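J.: Got a structure for you, written out below as structure tokens; questions coming shortly.
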Amino acid sequence: TGFQVIYKFKTIDYYSVVAFYFVMMLIRAALVLASFPMLKVLGTGTNVKDATFMVWAGLRGAVGLSLALLVLQSGGDQRVGLQVVFTVSGLAFLTLIINGMTCGPLLDYMGMVHHASKDMVRTWSVL
């Protein structure tokens, strides 16, 4: 009662995923920038370093992949469903590889990481 669609992804599809990644980052930066005045005064507040990390480390992937799979299973045009799954999966992959691997160094660069190992060395040298 079903049929299988085979879709060959082209080079332009890969380039579009990379382009969407940069667009996604720009949109996230714009949203955090627009809401920064409100974020500054609500709760414990935030600062520029926090906002920078929010842009860089924001979660992207799980909900998008779930919705993409829903589009694929909805019974509509399977080529479109495969394209959506491919694009969302590519965005989640790039986010994990690029953002995930650079979050630690970014936090370290901004001075937001407390190095327990340095404190342990100081503690042991005092003892």
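J.: Please go through the stretch 58-76 and pick out each residue that is part of a helix (DSSP H, G or I) and surrounded by 15 or more Cβ atoms within 10 Å (Cβ to Cβ).
T.: 64, 65, 68, 69, 71, 72
J.: Looking at the stretch 85-127 only, could you name the residues that are open to solvent by 50 Å² or more (accessible area, probe 1.4 Å), assigned to a helix (DSSP H, G or I) and modelled with pLDDT of 75 or more?
T.: Passing the criteria: 93, 96, 97, 98, 101, 102, 105, 108, 109.
J.: Just one of the numbered conditions (1) part of a helix (DSSP H, G or I); (2) open to solvent by 40 Å² or more (accessible area, probe 1.4 Å); (3) in contact (Cβ under 8 Å) with a residue 12 or more places away in the chain is not true of residue 26; which one?
T.: If we test residue 26 against (1) part of a helix (DSSP H, G or I); (2) open to solvent by 40 Å² or more (accessible area, probe 1.4 Å); (3) in contact (Cβ under 8 Å) with a residue 12 or more places away in the chain, just (3) comes out false.
J.: Taking interchain pairs and intrachain pairs at least six residues apart, which have beta carbon atoms under 9 angstrom, with the first residue in the stretch 55-67 and among the β-branched types (Val, Ile, Thr) and the second buried (at least 16 other Cβ atoms within 10 Å of the Cβ)?
T.: Filtered contacts from the stretch 55-67: 55/25; 55/29; 55/32.
Table: residues versus (1) outside any helix (DSSP H, G or I); (2) aromatic (Phe, Trp, Tyr); (3) touching a Ser or Thr at 6+ places or on another chain (Cβ under 9 Å); (4) open to solvent by less than 60 Å² (accessible area, probe 1.4 Å).
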site: 9; (1), (2), (3), (4): yes, yes, no, no
site: 32; (1), (2), (3), (4): no, no, yes, yes
site: 54; (1), (2), (3), (4): no, no, yes, no
site: 80; (1), (2), (3), (4): no, no, no, no
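J.: Further question on the same structure: Hey, could you check the stretch 40-51 for residues that are of a type outside the set (Asp, Glu) and buried (at least 16 other Cβ atoms within 10 Å of the Cβ) and say which is nearest to residue 99 (Cα to Cα)?
T.: Per the stated criteria, the residue is 51.
The values are calculated or read from the model by the stated rules, or taken from the named source; none is laboratory data. Small disclaimer: the values here were computed from a predicted structure and weren't measured. When we count neighbours, we look across all protein chains shown, and the Cβ atoms used for this are built from the backbone with ideal geometry, even at glycine. Areas reflect the complete protein model, heavy atoms only, side chains present, ligands, DNA and RNA absent. Shrake-Rupley method; radii C 1.70, N 1.55, O 1.52, S 1.80 Å.
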